[in-house]
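The values are calculated or read from the model by the stated rules, or taken from the named source; none is laboratory data. Since this is a predicted model, take the numbers as computed values, not measurements. So basically every Cβ, Gly included, is an ideal-geometry build from the backbone, and we count neighbours across all protein chains shown. When the accessible area is computed, the model is the full protein with side chains, heavy atoms only, and any ligands, DNA or RNA have been set aside. Shrake-Rupley method; radii C 1.70, N 1.55, O 1.52, S 1.80 Å.
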Amino acid sequence: MLPLAAGALLVAAFVRHALRRERPLIDVRLLRVRSFAVASVLTFTGGLTLFGGMFLLPLYYRQARH
């Protein structure tokens with residue numbers, strides 16, 4: 001749980017830093033646009049399912065097939 005909390009804290013610190021800059025590296029204000037936010041969530045979810053399967057399949061073969 002500690003790495004998850006540290007990651008969330010670092011993301012919050014980055015968002016705070018990006019909102020204070022005039023020209024940030026990644027403009028988090030774009031997430032206010034609904035279509036952009038939905039596309040970002042769908043892209044993240046698609047990547048999570050793709051790479052999650054690539055992570056879990058070798059674990060399955062290791063456990064079930066030895």
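Could you tell me what fraction of 2.2 N^0.38 Å the Cα radius of gyration of the chain comes to, as a two-decimal ratio?
Ratio of Rg to 2.2 N^0.38 Å for the chain: 1.60.
Using the charge dipole of the chain (Lys, Arg: +1 at Cβ; Asp, Glu: -1 at Cβ; taken about the Cα centre), state which of Thr43, Tyr60, Pro24 has its Cα farthest towards the positive end. Projecting each Cα onto the dipole axis, the largest value belongs to Pro24. For the chain, the mean residue ellipticity at 222 nm estimated from helices alone is -27000 deg cm²/dmol, where every DSSP H run of n ≥ 4 contributes -39500 (n - 2.57) and the total is divided by all residues, rounded to the nearest 500. Protein heavy-atom accessible surface, 1.4 Å probe, per residue over the chain: 97 Å². Between the Cα long axis of helix 2-20 and the first principal axis of the chain there is an angle of about 30°, rounded to the nearest 10.
Measure off, as a whole percent, the carbon and sulfur share of the 1.4 Å-probe accessible area of the chain, all protein chains present.
Numbers: 4460 of 6380 Å².
Carbon plus sulfur share of accessible area: 70 percent.
For the chain, the longest principal axis of the alpha carbon atoms and the long axis of helix 34-64 meet at an angle near 20°.
In debye, nearest 20: dipole of the chain around its Cα centre with unit charges on the Cβ of K, R (+) and D, E (-)?
On the way: 9 positive and 2 negative charges, 25 e Å.
That gives a dipole near 120 debye.
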